[in-house]
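K.L.:
Here's a structure for you.
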Amino acid sequence: MDIVTRIRSQWDRLTAAVTALAGAAILVVGWRGVSGTPYPAEQLPYVVSAGLGSLFLLGISTALWLSADLRDEWRKLDRIEQALRAAGGVDGAALAGDRHDNGAVVASPVRERTASVSPGSAASPAEPERSAPTLLGEEEVR
C-alpha cells in the first residue's frame, strides 16, 4: 500500500494527529508568553488566546480520533455480518433483530425452566422455555 492510499484511507487519524500537534505547539507558545512576564495583565492575552485555542484544537483532535475508531469498529462488524451471511446459518432478519409494528426491535429472551426433582427420581435436563417477546429496554414484569 503506497503512502497516498494510506493517507486517503486514514485521513481522519492524520488530521487528528496534525491538530493535536498544532494544539500542543500553541500551548507551548502560550506558556512561553506567560512565563516571560510577571504581570497578570500581560499574561491574560496569552492565557485566553493560546489556552483556548489549544483546548479547541485538542478537542477537535480527540473527536476525529474517536470517529476513526468508531468507523473501524463498524467495518469490523460489517465483516462479521458478511461472514455470518456467507456461512448461511443466519439470515438478515435474525442479524437485524425482529421488528415490531412500530419499528422497535423486539427481543425474545430464553429462560431455563428449573426441573423439580423429587428424592429418588432421576433428574432430567432442563429444556429452555421461550417467553413472549418484549421490547428491548423494557423490563419484564413478573
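K.L.:
What figure in square angstrom, to the nearest 10, would you give for the accessible area of Ile60 with a 1.4 Å probe?
P.N.:
Counting only protein heavy atoms, Ile60 exposes about 70 Å² to solvent.
K.L.:
Roughly how much of Leu44 is accessible, in Å² to the nearest 10, using a 1.4 Å probe?
P.N.:
100
K.L.:
Something else: With the crude spin-label approximation of a point 7 Å out along Cα→Cβ, what separation in nm comes out for Thr15 versus Leu70?
P.N.:
1.4
The values are calculated or read from the model by the stated rules, or taken from the named source; none is laboratory data. Owing to the predicted nature of the structure, the values given are computational and were not obtained by experimental measurement. Ideal geometry is used to build each Cβ from the backbone, glycine not excepted, and the neighbour counts take in all protein chains shown. With ligands, DNA and RNA removed, areas are computed over all heavy atoms of the protein, side chains included. Shrake-Rupley method; radii C 1.70, N 1.55, O 1.52, S 1.80 Å.
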